[in-house]
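The values are calculated or read from the model by the stated rules, or taken from the named source; none is laboratory data. If you're wondering where the values come from, they're calculated on a predicted model, not measured in any experiment. Ideal geometry is used to build each Cβ from the backbone, glycine not excepted, and the neighbour counts take in all protein chains shown.
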Amino acid sequence: MPIPPHDDRQAAAPTYRTDEDSNPPARPSSPRPGPLRRPVDMDVIRPARLEELKPLNHLITESARVLSTGFYSARQIEALIRHVFGVDTQLILDGTYHVIERGGDLVACGGWSHRRTLFGGDQAKAGGDPDLDPRTEAARIRAFFVHPTAARQGLGGRLLSHCESEARGAGFARLELMATLPGEPFYRTAGYEPLERIRHPLPDVPPVELVRMGRSLSERGVVTPTTEAS
């Protein structure tokens, strides 16, 4: 899903509460200095590998817990990690899910897809995932996450441009994604516009707000809304 990139061009986090949820949003911890804070000239964008599923899901969990704080409650974040966030293995098999590697560490991940699923990891999928028609349908931007210690370094933007270029090369004229609230400002900056706001149900917690967004690849910032099911 592109749910979210948890990346570097986010606005200040608003406090997000619901009447049904008495737990306040968790307080973010300060990212600790470590091996991920290395010069950006060491960064390499490459396809993700199946043997990296465990470190990828760890990166996604760390990103979500730190960078979603203030937008969703702690309980909602844990429910998203359990039921929604994660790697969609099909994208790795298709060669359309990528990582940014820095000195042997995975610091960001994200991809695009020519398949119908709009968001969610393996645990959220059911049934088949047919190909989209690039002549009439929008490609997907999927599951962008940046490690908290590598945030605000332009990684999400680099990865997004890479995926957009690949989707354009595959014949797609439009892109769509499902953004989390922390990811929405990042995608707006990149030229995506909201198409629909939804409240996604999760077990045992109030629904979470997500934003379906899209844009044209032919003219940056010009979005043609689609009527296809999401």
Criterion first (without any contact (Cβ under 8 Å) to a residue 60 or more places away in the chain, of a type in the set (S, T, N, Q) and buried (at least 16 other Cβ atoms within 10 Å of the Cβ)) does S165 satisfy it? no
Odd one out for G191 among (1) crowded, with 21+ Cβ neighbours inside 10 Å; (2) part of a loop (DSSP other than H, G, I, E, B); (3) touching a Gly at 6+ places or on another chain (Cβ under 9 Å): (1)
Does the range 126-136 contain any residue that is surrounded by 24 or more Cβ atoms within 10 Å (Cβ to Cβ), in contact (Cβ under 8 Å) with a residue 24 or more places away in the chain and within 23 Å of G191 (Cβ to Cβ)? no
Restricted to the range 146-162, and to residues that are out of contact with any strand residue (DSSP E or B) (no Cβ under 7 Å at 6 or more places or on another chain) and in a loop (DSSP other than H, G, I, E, B), which residue is surrounded by the fewest Cβ atoms within 10 Å (Cβ to Cβ)? R152
Yes/no for A143 being more than 17 Å from M178 (Cβ to Cβ), in contact with a Gly (Cβ under 8 Å, 6 or more places away or on another chain) and either in a strand (DSSP E or B) or among the hydrophobic types (A, V, I, L, M, F, W, C) (or both): no
Could you tell me whether L118 is buried (at least 23 other Cβ atoms within 10 Å of the Cβ) and either on the phi < 0 side of the Ramachandran plot or at pLDDT 95 or above (or both)? no
Residue by residue through the range 107-139, note down the ones that are closer than 24 Å to N57 by Cα, under 19 Å from the mean Cα position of the chain (by Cα) and hydrophobic (A, V, I, L, M, F, W, C). V107, A108, C109, W112, L118, F119, A124, A139
Residue within the range 125-147 that is out of contact with any helix residue (DSSP H, G or I) (no Cβ under 7 Å at 6 or more places or on another chain), hydroxyl-bearing (S, T, Y) and under 16 Å from R174 (Cβ atoms) present: yes
Please go through the range 113-130 and give me each residue that is among the small types (G, A, S) and either assigned to a strand (DSSP E or B) or under 19 Å from A48 (Cα atoms) (or both), ordered by number. S113, G120, G121
Given the structure, is Q76 in a helix (DSSP H, G or I), of a type outside the set (D, E) and either buried (at least 17 other Cβ atoms within 10 Å of the Cβ) or modelled with pLDDT of 95 or more (or both)? yes
